[in-house]
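The structure appears right after this line, and notes come after that.
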Amino acid sequence: MRCSIADIDKIRRILTDDSVHVPVYGCRYNPETCRDVAIDAFRDDRIIVLMPNDTAVFIFSPYSNEIYTGHSFVIKDGRGKKAIYGGKSAVKWMFENTGCIKIFGFTPEYAKHTILFNRLLGFKQEGLLTKSLTKDGKVFDQIIFGLSKGV
C-alpha cells in the first residue's frame, strides 16, 4: 500500500486524471509538472503516500510529530464503495504503521461529495475556516474535518 518512487507513474496517472480536482477546486495538476510534484513527496520521508488500489492516492503530510494532514485523490472510476474501502484502509494503515494519532484536513463547503466521503470514513467536523477559499471570484468557507486514533 505504501508507495515508493517506483510508483511514480501510477501516482501521476491519478493526479492528472481529468476527474481529480476539477469538481472541487476547478483545476487539476498539470501533466508536465505533476511528476515533479509527486517526486517532491518522496524527498521528505515523513510524507506518506498510500495507494490502496489503482484508482486512489492518499497523501499524509506531517503537521507535527504525531498529527498529519490528509489529502485524497480518487479518480471517477474509483468512487463509491471502492473509494470508501480504500480511504478506510489508508487511515487504518496510518494508525497501525506510524505514530500518527490524528489526521485532519480542510474541505470546501461546496464540495458536498467530499464532505460525505469524509463522514463515511469516520471523520468529524471539528471547525470552520470562514471565507478562506476563493473559486470563480466567490469566497467560501472550509470545513475542518478530523479523526483521532482509537475513535
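Rule-based calculations on the coordinates, nothing more; no lab input. These numbers come from a predicted model, not from an experiment. Because the Cβ atoms are built from the backbone with ideal geometry, glycine has one as well, and the counts that use them run over all protein chains shown.
Between LYS112 and ILE67, what's the calculated FRET efficiency when r is the beta-carbon distance and R0 is 25 Å? Round to 0.05.
Numbers: r = 27 Å, r/R0 = 1.06.
For LYS112 and ILE67, the calculated efficiency is 0.40.
Sum -39500 (n - 2.57) across every DSSP H segment of at least 4 residues in the chain, then divide by the residue count to get the 222 nm mean residue ellipticity, nearest 500. Working shown, then result.
Values: 5 runs with 51 residues, N = 151.
Dividing the helical sum by the residues of the chain leaves -10000 deg cm²/dmol.
Per 5 Å bin from zero, what fraction in whole % of the C-alpha pairs of the chain is there, up to the bin with the longest pair?
Once binned at 5 Å, the Cα pair distances of the chain give 2, 9, 19, 22, 22, 18, 8, 1, 0.
Compute the FRET efficiency between TYR85 and ARG46 as 1/(1 + (r/R0)^6), taking r as their Cβ-Cβ distance and R0 = 22 Å, and round to the nearest 0.05.
It comes to 0.25.
Once you've got the Cα coordinates, tell me which of LYS76/LYS149; LYS92/LYS131; LYS81/LYS112; LYS112/LYS138; LYS88/LYS112 are over 27 Å apart.
Details: LYS76/LYS149 29 Å; LYS92/LYS131 32 Å; LYS81/LYS112 17 Å; LYS112/LYS138 17 Å; LYS88/LYS112 19 Å.
Beyond 27 Å: LYS76/LYS149; LYS92/LYS131.
Check the straight Cα-Cα distances from LYS82 and name the aspartates and glutamates below 18 Å, setting aside those fewer than 8 residues away within the same chain.
Output for LYS82: ASP17, ASP54.
Whole-Hz Karplus ³J(HN,Hα) for segment 130-144, in order, using 6.51 cos²θ - 1.76 cosθ + 1.60 and θ = phi - 60°, x for Gly and Pro?
Listing the rounded values in order: 6, 6, 10, 8, 10, 8, 6, x, 10, 9, 10, 7, 10, 8, 8 Hz.
If you take the beta carbon distance between ASP77 and GLU126 as r and set R0 to 25 Å, what does 1/(1 + (r/R0)^6) give as a FRET efficiency, to the nearest 0.05?
Here the calculated transfer efficiency is 0.20.
Using Cα pairs under 8 angstrom and six or more residues apart, how large is the relative contact order of the chain, in percent? Don't skip to the end; give the middle numbers.
Numbers: 238 pairs, mean separation 27.9, N = 151.
It comes to 18 percent, rounded to a whole number.
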